[in-house]
Amino acid sequence: DAKTTQPNSMESNEEEPVHLPCNHSTISGTDYIHWYRQLPSQGPEYVIHGLTSNVNNRMASLAIAEDRKSSTLILHRATLRDAAVYYCILSPGPNSGYALNFGKGTSLLVTP
Amino acid sequence: GAVVSQHPSRVICKSGTSVKIECRSLDFQATTMFWYRQFPKQSLMLMATSNEGSKATYEQGVEKDKFLINHASLTLSTLTVTSAHPEDSSFYICSARADRLNSPLHFGNGTRLTVT
């Protein structure tokens, strides 16, 4: 499986934008880039995913480099509720048969 | 949005007993569901892939006779931890993806198992 590299932790002030980086230099042409987050003692929550183009939804934006070897999850205004572990995961495709393999993720701390 | 319900959220059992965990997709059908395990301060580890109407596929190092998986319908998968021991204490999480293209994976809220 293609691997991703994320910083262990990041810190942000409340109401400021947060840019969470992810490197995936061995990504294949059919790999989708997925982002999930996990709050303490809860299951992971889907955030966003994309293939080549930048993506936006109500939770976040995903900026994908032109060569697809890196991506950035953007939280436009961090809130205390956004403090979580954020996982960047590659998957061969959004088909029902593929599981997601989680790395260590980035632990985001949001301070008031 | 798609919801995956997992039950129970917490369970304490004695060593040697068995525990069953249910995972339901509430508003979508899922041919495939996935079971993960998470130890404290670690990431999620995929245990097995549950396929409706057929045998589950287990990851390397996961004992299929200890972790029994049944996926009897398109909305329900169960994980039974048999003859539980204290080292099986962990956070078990199920997930499912709707049977349509480009659907994300949705996760249950997990089951905290404590074996005494």
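Considering only A:25, A:91, A:70, the Gaussian network model of chain A with Cα springs below 10 Å gives its largest mean-square fluctuation to A:25. Considered as an equivalent ellipsoid built on the Cα gyration tensor, the protein assembly as shown has semi-axes of 30, 20, 15 Å, the largest given first.
Across the range A:10-83, the relative contact order, built from alpha-carbon pairs under 8 Å that are at least six residues apart, equals 39 percent.
Given chain B, what whole percent of its Cα pairs are spread farther than 21 Å? It works out to 31 percent of all Cα pairs.
Once the convex hull of all Cα atoms in the range B:1-68 is built, its volume per residue stands at 128 Å³. Peptide B:47-56 has a mean shielding of 1, counted as Cβ atoms of other protein chains within 10 Å of each residue's Cβ. When only Cα pairs below 8 angstrom with a gap of at least 6 residues are kept, the range B:38-116 shows a relative contact order of 22 percent.
About its Cα centre, the dipole of the protein assembly as shown is roughly 400 debye, where the only charges are +1 on Lys and Arg Cβ and -1 on Asp and Glu Cβ. Other residues with beta-carbon under 15 Å from the beta-carbon of residue A:112 carry, at +1 per Lys or Arg and -1 per Asp or Glu, a net charge of -3.
When all alpha carbon pairs of chain A are counted in 5 Å bins from zero, the resulting P(r) reads 2, 13, 24, 26, 20, 10, 4, 1, 0 %. Highest mobility in the GNM of chain B, judged by mean-square fluctuation with C-alpha springs under 10 Å and restricted to B:86, B:104, B:40, is found for B:40.
About its Cα centre, what dipole magnitude does chain A give when the only charges are +1 on Lys and Arg Cβ and -1 on Asp and Glu Cβ, stated in debye to the nearest 20? Before the final figure, lay out the partial values.
Details: 8 positive and 10 negative charges, 38 e Å.
In total the dipole reaches around 180 debye.
Taking the Cα centre of the range B:42-116 as origin, work out the dipole magnitude from +1 charges on Lys and Arg Cβ and -1 charges on Asp and Glu Cβ, in debye rounded to 20. Mind showing how you got there, number by number?
Working: 6 positive and 7 negative charges, 40 e Å.
With only Lys, Arg, Asp and Glu charged at Cβ, the dipole is about 200 debye.
Read the figures in this text as sums done on the coordinates, not as results from a lab. This structure is a prediction, so every number in the text was calculated from the model and none was measured. For neighbour counting, all protein chains shown are included, and Cβ atoms are generated from backbone atoms with ideal geometry for every residue, glycine included.
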